[in-house]
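Note sheet for the following structure.
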Amino acid sequence: MSFKDLDLSSVEFSSTPRTLKPGEHTCEVSEARYDDTKSGGSAVYVTFKSTDGDGSIRTMFNVVNKNPTAARIGQEQLKTMLTFGGHPNPDHPSDISSLLGLKVGVRVGPDTWRDMNGVEQEGSKVKGYFQLGDGGVSSPSTSQPQSNTGQTDNQQDEPLDDDIPF
């Protein structure tokens with residue numbers, strides 16, 4: 001078959017929103033699943049969709065991993081997201097479907113990655129979560145975004161956005 005014979009009339013086009021750009025976004029969990037990882041652990045995979053239609057972004061939380069540090073970090077990040085998202089039981093979330101619909105502040109930062117040809121590409125990745133105020137995304141002028149960095153308000157002059165060192 002040649003390209004000129006290609007018939008796409010019965011194919012649905014993708015309406016997937018674009019990836020969220022760096023910044024702070026008000027998001028809702030639109031997809032969540034718990035699955036095995038390639039390394040033999042388990043992870044929670046989540047898609048956040050911005051409530052203003054700006055796009056979406058996916059992330060994963062390593063919750064079971066051979067590396068105890070990776071598991072601890074993933075569990076801390078998941079609990080932070082659950083807590084700031086208003087989950088009714090962030091200590092024991094139980095059913096994966098209980099994540100659907102949670103509204104949470106998502107801090108997105110820049111990211112680079114290599115495509116299948118080895119070319120470096122620009123992208124975005126989830127860097128953290130914060131509590132939403134009554135009017136949506138917290139504003140630095142009205143309230144300090146909360147995070148799980150363990151810092152006090154006096155120490156938290158700028159949000160951390162450094163990469164995990166493993």
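The values are calculated or read from the model by the stated rules, or taken from the named source; none is laboratory data. Treat the numbers as computed from the prediction; the structure is a model and nothing was measured. Here the Cβ positions follow ideal geometry from the backbone for every residue, glycine too, while neighbour counts run over all protein chains shown. The protein model used for the area step is the full one, side chains on, heavy atoms only, and it has no ligands, DNA or RNA in it. Shrake-Rupley method; radii C 1.70, N 1.55, O 1.52, S 1.80 Å.
Taking the range 32-68 as the region of interest, how many residues are basic (Lys, Arg) and within 14 Å of the chain's Cα centre (by Cα)?
Summing the residues that are basic (Lys, Arg) and within 14 Å of the chain's Cα centre (by Cα) in the range 32-68 gives 3.
Filter the range 98-127 for residues that are open to solvent by 40 Å² or more (accessible area, probe 1.4 Å) and touching a Gly at 6+ places or on another chain (Cβ under 9 Å); which is nearest to Asp52 (Cα to Cα)?
Filtering the range 98-127 for residues that are open to solvent by 40 Å² or more (accessible area, probe 1.4 Å) and touching a Gly at 6+ places or on another chain (Cβ under 9 Å), the one nearest to Asp52 (Cα to Cα) comes out as Lys103.
Counting only residues that are part of a strand (DSSP E or B) and either in contact with a Phe, Trp or Tyr (Cβ under 9 Å, 6 or more places away or on another chain) or exposed (fewer than 10 other Cβ atoms within 10 Å of the Cβ) (or both), how many does the range 1-43 have?
Qualifying residue count, the range 1-43: 13.
Consider only pairs whose beta carbons are under 6 Å apart and that are at least six residues apart or on different chains; among these, list those whose first residue lies in the range 7-18 and is closer than 19 Å to Lys49 by Cβ and whose second residue is in a loop (DSSP other than H, G, I, E, B) and modelled with pLDDT of 75 or more.
If the second residue must be in a loop (DSSP other than H, G, I, E, B) and modelled with pLDDT of 75 or more, the pairs left are Pro17/Gly55; Arg18/Gly55.
So which residues in the range 87-116 are of a type in the set (S, T, N, Q) and in contact (Cβ under 8 Å) with a residue 40 or more places away in the chain?
Within the range 87-116, just Ser97 meets the criteria.
Working carefully through the options Gly105, Gly74, find the one that is part of a strand (DSSP E or B), under 14 Å from the mean Cα position of the chain (by Cα), under 22 Å from Cys27 (Cα atoms) and not aliphatic (A, V, I, L, M).
Only one candidate qualifies: Gly105.
Out of the residues in the range 77-97 meeting the condition of being small (Gly, Ala, Ser) and open to solvent by 40 Å² or more (accessible area, probe 1.4 Å), tell me which one is nearest to Ala32 (Cα to Cα). Spell out the reasoning first.
Applying the first criterion (small (Gly, Ala, Ser)) to the range 77-97 yields 85-86, 94, 97.
The next check asks that each one be open to solvent by 40 Å² or more (accessible area, probe 1.4 Å); those that pass are 86, 94, 97.
Numbers: Gly86: 16, Ser94: 13, Ser97: 7 Å.
This residue is Ser97.
Among the residues of the range 48-62, is any surrounded by 15 or more Cβ atoms within 10 Å (Cβ to Cβ), of a type in the set (D, E, K, R) and within 24 Å of Glu122 (Cα to Cα)?
yes
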